[in-house]
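Just below is one structure, and these are the notes that go with it.
The values are calculated or read from the model by the stated rules, or taken from the named source; none is laboratory data. For clarity, every value in this text was computed on a predicted model and none was experimentally measured. Note that each Cβ is placed from the backbone with ideal geometry, even for glycine, and that neighbours are counted across all protein chains shown.
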Amino acid sequence: MSDEKKSTAIDLKNLKAGGFIKERGKDLFTVRLRVPGGRLPVGRLKKIAEVAEKYGQGMVHLSVRQSVELININFKDFDAVVAELGEGTQKVASCGARVRVPTACGGCEYNPNGLVDTQKSALEVDEKLFGTPTGHHKFKVGFAGCPFDCPKSATNDVGFQGAIWPVLEQDDCIGCGLCAKSCTEGAIAMDDAKRPVFTGDNCLYCGDCVKVCPTEAWKTEKKGYTVRIGGKWGRRPLVGTLFAEFLPEDRVVDFITAVLDWYKEKAEGEGRIRLGDVIRAEGAAALLGHLRERFPGFVVDATIPPQAIATQIGKER
C-alpha cells in the first residue's frame, strides 16, 4: 500500500481533543505539543525542530500558554510525527473540554523573586490531571512564583500565586530599616524608636522583608499558594478571585480535584460553560463551602465572584 493511500491510526473525530487542530489549508493541521511549565530540555527541542523541518514548513509557533505548535502538518503524517516525537519523549497536548497543560514561571529555582517551586507543581498537575474531561469546557491551571504574577494566574480557571506571611523576631532586629525601604506596599514602617511596625492588611505576601533582612529577624511564618478561581480570557473575560491562602504546595492536586468535582456537578445540564460563569451563577459562597470541608484553615472566610472585564463591546451578561 502506498504512502498516499495509507490510513492513519488517528481517530479524526477526536482530533481536537488530542491536540490536532484543523488549519485553513486542505488536510493541514496544527499539532500542539505538551510543554508543562514552559520548560523544554534541549534534546527535545532539537527533536521538535527536526520534525518541524521534515513534516511542516520548518517553522513552529510558540503559543501564549507556553506550548510549542507544529504548523502545516498533513494529517497523513500524524502517525509518523507522533512516533518521531516519541523518540524524544515529547507528547502531544490536548484541546477541548478537559484539563489543559499547566503553565508556570521559573519559580524559586533561579528567580530571586520566586517563593515556591512552580515548576514542580506544574509537572505534578500535568502528570496527575492533564487531559481529565470536565464535561463542560476547557479548564486551565497556571502557577506564578510570587505576587509579580508574570503568568497572569488570575486569568486561569484555577490560578496559584506564591505567597509568604512574615513575622518579626524583635530581639534579632537591629533597626536598620531595610525592610521598610524594601516594602513598596506600606506594610512596614519604622516607629520613633527605629523598630519595624507591620501592618498586615497592606501585605501582598511578597516576602521581600524576609529576603532583605541582614540578621534574619524577619522570618517566614507561613508559605504556600494564594489561590484565585474562575478566571478566563476570550470574548467575555473574567478575573479570578481569592478562595484560599497559603495552600501547601503538596495540596495543589487535591485542591484542583475538589474544584473540578464541584464544577462538574454544578454545571450539569448547562452545556458549554466555563467555571467562572458557574461560580457567578451559583454564588461564590457555594464553592467556598465545598472547599472549606476539605481545606479548613486555608480557604478564606468570604470572597467575591469572578469579576467581569468591561471590554466595551457587546452587552455585559
Requested in this report: Name every residue in segment 86-108 that is among the basic types (Lys, Arg), in a loop (DSSP other than H, G, I, E, B) and at pLDDT 90 or above, in order of residue number.
Outcome: ARG100
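Here is a yes/no grid of residues against (1) out of contact with any strand residue (DSSP E or B) (no Cβ under 8 Å at 6 or more places or on another chain); (2) farther than 29 Å from ARG274 by Cβ:
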site	(1), (2)
VAL51	no, yes
GLU87	yes, yes
CYS95	no, no
THR103	no, no
VAL116	no, no
Query raised in the report: Which residue pairs have Cβ atoms closer than 9 Å, lie 6 or more positions apart in sequence or on different chains, and pair a first residue in segment 144-169 that is farther than 29 Å from PRO214 by Cα and assigned by TED's automatic domain parsing to the domain that holds PHE255 with a second residue that is part of a loop (DSSP other than H, G, I, E, B) and hydrophobic (A, V, I, L, M, F, W, C)?
Result: PRO151/CYS105; LYS152/TRP233; THR155/TRP233; PHE160/VAL116
Query raised in the report: Counting just the residues of segment 1-43 that are farther than 28 Å from GLY159 by Cβ and of a type in the set (Gly, Ala, Ser), which one comes out modelled with the lowest pLDDT?
Result: SER2
**Report entry** Elements of type strands (runs of 3 or more DSSP E) contained in segment 166-276, each with 2 or more residues being among the charged types (D, E, K, R)
**Finding:** 218-229
Query - Conditions (1) assigned to a loop (DSSP other than H, G, I, E, B); (2) at pLDDT below 95; (3) over 30 Å from GLU268 (Cα atoms); number of the one not met by PHE148 - result: (2)
Requested in this report: Scan segment 238-247 and give yes if some residue there is at pLDDT below 95 and either under 18 Å from the mean Cα position of the chain (by Cα) or surrounded by 18 or more Cβ atoms within 10 Å (Cβ to Cβ) (or both), otherwise no.
Outcome: no
Report task. May I ask you to say which residue of VAL99, VAL116 is out of contact with any Cys (no Cβ under 9 Å at 6 or more places or on another chain) and in contact (Cβ under 8 Å) with a residue 12 or more places away in the chain? Result -> VAL99
Query raised in the report: Residues of segment 125-144 being among the acidic types (Asp, Glu) and within 13 Å of VAL158 (Cα to Cα), which ones?
Result: none
Report task. Kindly indicate whether any position in segment 77-85 is buried (at least 18 other Cβ atoms within 10 Å of the Cβ) and at pLDDT 95 or above. Result -> no
Query - Residue satisfying all of: in segment 282-303; in contact with a strand residue (DSSP E or B) (Cβ under 9 Å, 6 or more places away or on another chain) and over 20 Å from ALA267 (Cβ atoms); surrounded by the most Cβ atoms within 10 Å (Cβ to Cβ) among these - result: VAL299
Query raised in the report: If you check LYS194 against the conditions, is it within 18 Å of ILE256 (Cβ to Cβ) and either touching a residue at least 12 places away in the same chain (Cβ under 8 Å) or among the polar types (S, T, N, Q) (or both)?
Result: no
**Report entry** Residues located in segment 205-237, provided they are surrounded by fewer than 23 Cβ atoms within 10 Å (Cβ to Cβ), among the hydrophobic types (A, V, I, L, M, F, W, C) and not assigned by TED's automatic domain parsing to the domain that holds LEU275
**Finding:** CYS206, VAL210, VAL212, CYS213, ALA217
Query raised in the report: Checking LYS22 against (1) over 16 Å from LYS76 (Cβ atoms); (2) free of Cβ contacts under 8 Å to residues at least 12 places away in the same chain, which test does it fail?
Result: (1)
Report task. Scan segment 77-88 and give yes if some residue there is more than 30 Å from ILE256 (Cα to Cα) and touching a residue at least 60 places away in the same chain (Cβ under 8 Å), otherwise no. Result -> yes
Query raised in the report: Quick check: anything in segment 44-58 at pLDDT 95 or above, over 27 Å from LYS128 (Cβ atoms), small (Gly, Ala, Ser) and outside any loop (DSSP other than H, G, I, E, B)?
Result: yes
Query raised in the report: Taking the stated definitions as given, is LYS120 among the charged types (D, E, K, R) and farther than 17 Å from VAL158 by Cα?
Result: no
